[in-house]
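Remarks on the structure that follows.
Only the coordinates and a few stated rules stand behind these numbers; no lab work does. Remember, predicted model here, so these are calculated numbers, not experimental data. Backbone-built Cβ (ideal geometry, glycine too); neighbour counts: all protein chains shown.
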Amino acid sequence: MLHLLSFSLRHRYSLSVRLLVLLLLISTTAAACRPEDTLEEQKEEPRERNQHTEPDTLLARRQPAGPAATIDFLGNPFLSDYRQSKKLDAYFARINTDFTLDADPVENMHRPAVTDTIYTIRFGESVIELYAPSQTGDLLLQVADIRNGGIALRNNMKVGMGQPELMTKLKNFDVRILQTNSEIVATTVEGAPISLRFFLKNGKVNRIRYEGYVD
């Protein structure tokens, strides 16, 4: 009887020890898992926020601001910025005297059914003529006849300046220069038949005439 009681107590004690060990293992495992879960949750939150902010940053990188397109000197001796050359206001801003503006419809040379516009700016005896194709939004300089100092070309070339100064300024551009006693002509080295004529009187410019090429 005593032997059986001793066996029963040992058996119960063994079960209690096993149960205690099992509970300790479960508690330790749970405690070890919780920080990792919390850490993972903390990591996930910033990742979700980054996913919301990344597209805006990438969008800004895909759309860099590029430099403005420029026009060569004989393409437009008044304006060098292509975007500005498409605005009448850019020409108005360069004229330092009173002027008038006329707008006349004209048939497109390639498509008779399309109507374009010719803008004519007049100030004194001077005139600037611009061709505006309706389908492109361009404003193309085709003729300019400058007889007074109401407007200056690029690099401040204008009526009234001396011949030596004019020659110095023209050499800053990629043009072919032809010179006589009565005029100086700047033309393209090759390509479209464009000319810029400076008429001389007593060694000074008294008239500037530009003839562009519009196709």
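Determine which residues of the stretch 99-142 fall in the zone a paramagnetic label at Lys86 would reach in this model, i.e. backbone nitrogen under 13 Å from the point 7 Å along Cα→Cβ.
133-140
What net charge do the residues around Asp89 carry, taking every other residue with its C-beta under 13 Å from that of Asp89, with Lys and Arg at +1 and Asp and Glu at -1? It would help to have the intermediate numbers written out before the result.
Details: positive: Arg83, Lys86, Lys87, Arg94; negative: Asp81.
Net of charged neighbours comes to +3.
What is the magnitude of the charge dipole of the stretch 84-210 about its Cα centre, with +1 placed on the Cβ of each Lys and Arg, -1 on the Cβ of each Asp and Glu, and no other charges, expressed in debye to the nearest 20? Please report the intermediate quantities before stating the final value.
Working: 16 positive and 14 negative charges, 120 e Å.
So the magnitude is around 580 debye.
Starting from the Cα of Lys87, draw a straight line to each of the lysines and keep only those under 24 Å, dropping any in the same chain fewer than 8 residues away.
Lys158
Using the Karplus equation 6.51 cos²θ - 1.76 cosθ + 1.60 (θ = phi - 60°), what ³J(HN,Hα) coupling, rounded to whole Hz, does each residue of the stretch 157-174 give in order, writing x for Gly and Pro?
7, 7, 4, x, 7, x, 4, x, 5, 4, 4, 5, 5, 5, 5, 7, 10, 7
What is the Cα centroid distance between the stretch 79-135 and the stretch 154-215, reported in whole angstrom?
22 Å
Explain nothing, just compute: Karplus ³J(HN,Hα) = 6.51 cos²θ - 1.76 cosθ + 1.60, θ = phi - 60°, for every residue of the stretch 109-117 in order, whole Hz, x for Gly and Pro.
5, 9, 10, x, 6, 9, 9, 9, 9
Long-range amide H contacts for Ser195: which residues qualify at under 5 Å (H placed 1.01 Å from N, peptide plane, sequence gap of 5 or more or a different chain)?
Glu211
In whole angstrom, and with the biggest value first, how far do the Cα coordinates of the stretch 76-215 range along each principal axis?
Rounded to whole Å, the extents work out to 48, 37, 24 Å.
Per residue of the stretch 144-152, what does 6.51 cos²θ - 1.76 cosθ + 1.60 with θ = phi - 60° give for ³J(HN,Hα)? Whole Hz please, x for Gly and Pro, Karplus curve as stated.
9, 10, 9, 10, 8, x, x, 8, 10
Sort the following peptides by mean Cβ neighbour count (other Cβ atoms within 10 Å, averaged over residues), highest first: 74-86, 199-211, 168-180. Mind dumping the intermediate values first?
Numbers: 74-86: 18.5, 199-211: 15.6, 168-180: 13.2.
Ranking, from highest mean packing down: 74-86, 199-211, 168-180.
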